[in-house]
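Below you'll find the structure, written out as structure tokens, and then a few comments.
Every read-out reported here was derived from the displayed coordinates using simple, explicitly stated rules and does not represent laboratory data. In this text the structure is predicted, and so the values were computed from the model without any measurement. Backbone-built Cβ (ideal geometry, glycine too); neighbour counts: all protein chains shown.
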Amino acid sequence: MKSLPEHKPRENSWEKIMEKKDFDFQLNENLKKLPVHVPSDLVWERIEKELESQRRIFPWKAFSIAASFVAFLLLALYLSKQDARMEDPPKSISQVTSENLLLENTNDQFTKSDSLASIPLDSQNLELQKKGNRIMKRMPESLPVISSRPSISMNNQAIVKGLDLGSRENHSINPADREETYHSVAISWGLNRKKILMKTNFGVQDPAVLISTTNEKSELQARIKLKRKKQ
Amino acid sequence: MNQILPNSELIERVISQERKAQFQLFESTKRIVYSLAYRILNDEDLAHDVLQDTYVEVFQQLRSLKQPEALIAWMKTITVRKAIKAGKKLFEFDHLDQSQDPPDNQFDSWFDGELLDQAIRSLPPGARAVFMLTTVEGFSHKETAQLLGISESTSKSQVTYAKKLLRNRIQTLLRI
């Protein structure tokens, strides 16, 4: 061993050592050698509990989302049915409310053409104004089917008034009133819809004929007589 | 350190919520996560809370990780975020008065990782968080500023401040 030769280090060896003693150098080197800290063994149990509780919550979340979706669908279905009910096509015969009847009865004069023109079309969303500025919204209506009978020519305007049922029994045709004819109009209204809401028998001179042709007495709620106005 | 880096097969099993695989991933990485949280917060209880929250999120969100090789970096980012959230009230970034800085004398001592760890944990919370994020974990000053809600210049000055404190603390610890 003593015979082994000695080797001389480099001249800058000390400087190299001092460089390694530099704070920043040591800092960078030792950051890679920071000790490892070990957590408690109980942590995994806490993590498992947390995962289990989250797993239990999740199905309820999914269920609540599904339930709200179904509820939304049911609500949409209900609303669409409501809309469909509101938009039902009108019946072929006009639905006349008692207020309408009152208004028409109070008209002193009207002609047939006027009465037809006063019936609103489906496309018209007509609002009728009553006394006291009360506004009633009418249901969509359609023109009634007009009988194939030849139209009555009325030179003068007609008077609308209630039918005196008492006088009907003793009615006799006066030759002077040949031009006078009786018309029976059956109108029903109310919450329950009838197949026939307005029925007319017109063009007879004897009111007894009107009675005999009317077989819906139970549903009949009003009668009016149209009488040609005498000159 | 008995650390088995997670492979793609293990990650797939964790994604499918296999409890055994989750435990395997936890065992192989818990020291990295806990050490990071503990060093940022210097509080064992808070660090354990961060550890728990981190793994719950990792197990739930792992399927969103595109690159399996980035798993550890991804977990560290989650840990940093959780630790910052847990220690938000502790972090204060006072205006640094240069006149109070310690003199920049020649450092003439040797120290190791253990001593450095002690010195890091003795830093003020704000400076410690910035030092851990930038110098130890390699976040940029911009990223650190965003994570901690401070300016980039504050991040830089806090690192300088932390290094000066570390130098003094280590010398003090060596004298004890």
In which sequence would B:PHE131, B:PHE107 go, from the one with the fewest C-beta neighbours within 10 Å to the one with the most?
-> B:PHE107, B:PHE131
Enter the mean number of other protein chain beta carbons within 10 Å of the beta carbon of each residue in B:50-58, as an integer.
-> 4
Taking only Cα atoms of chain B, the Rg to Rh ratio with Kirkwood Rh works out at 1.03
With the Cα gyration tensor of the range B:8-87 in hand, give its eigenvalues times 5 under a square root as the equivalent ellipsoid semi-axes, listed largest first in whole angstrom.
-> 22, 12, 10
Relative counts (whole %) of C-alpha pair distances in the range B:113-174, using bins that are 5 Å wide | 4, 21, 31, 22, 13, 7, 2, 0
Can you sort B:ILE40, B:ILE78, A:ILE65 by how many other beta carbons sit within 10 Å, fewest first?
-> A:ILE65, B:ILE78, B:ILE40
Give the dimensionless ratio obtained when the Cα radius of gyration of the range B:5-50 is divided by 2.2 N^0.38 Å.
-> 1.34
May I ask you to sort A:TYR78, B:TYR161 by Cβ crowding, counting other Cβ atoms within 10 Å and putting the fewest first?
-> A:TYR78, B:TYR161
Net +/- balance of residues flanking A:LEU27 in space, Cβ distance below 10 Å, scoring K and R +1, D and E -1 = -1
